[in-house]
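The values are calculated or read from the model by the stated rules, or taken from the named source; none is laboratory data. Bear in mind the structure is a predicted one, so any value in this text is a computation, not a measurement. Virtual Cβ from ideal backbone geometry, glycine too; neighbours counted across all protein chains shown. Ligands, DNA and RNA are stripped out before the accessible areas are found, and what is left, the full protein with its side chains, is counted by its heavy atoms. Shrake-Rupley method; radii C 1.70, N 1.55, O 1.52, S 1.80 Å.
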Amino acid sequence: QVQLVESGGGLVQAGGSLRLSCVASGSIFSFDVMGWYRQAPGKERELVATLTRSGTTNYADVLKGRFTISRDNGENTAHLQMSSLKPDDTAVYYCNAKYSIRNYWGKGTLVTVSS
């Protein structure tokens, strides 16, 4: 069974940086797409960034320039480098992975940005 486990969340001051990681286990195939989504309190889950196996990235417009998604070559591991963090970035960040019609989610890691 495929499992995604996020790590790297925590409390950071505004203007600081964090690096999230997502490690997949139980998969014998390379995911077509890996990505990050977030859900702030009282809001819907939203796209942060995705990265295809071929290297194509897609970012939420409001996050471009501050967040960078990457993926270890040949591995089902993804990272999200977040910089210049703002209190509005406070949310639970979820890792997502897609293979064909299969869609997998991690349980999330909490990022809290204090002002």
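Kindly indicate which of R19, R38 is surrounded by fewer than 16 Cβ atoms within 10 Å (Cβ to Cβ) and assigned to a strand (DSSP E or B).
Result of the check over R19, R38: R19.
Tell me which residues, restricted to the stretch 88-115, are open to solvent by less than 80 Å² (accessible area, probe 1.4 Å) and either β-branched (V, I, T) or assigned to a loop (DSSP other than H, G, I, E, B) (or both).
T90, V92, G106, G108, T109, V111, T112, V113
Might you let me know whether the stretch 1-13 holds any residue that is exposed (fewer than 14 other Cβ atoms within 10 Å of the Cβ), modelled with pLDDT of 95 or more, on the phi < 0 side of the Ramachandran plot and of a type in the set (A, V, I, L, M, F, W, C)?
Yes; the residues of the stretch 1-13 include at least one that is exposed (fewer than 14 other Cβ atoms within 10 Å of the Cβ), modelled with pLDDT of 95 or more, on the phi < 0 side of the Ramachandran plot and of a type in the set (A, V, I, L, M, F, W, C).
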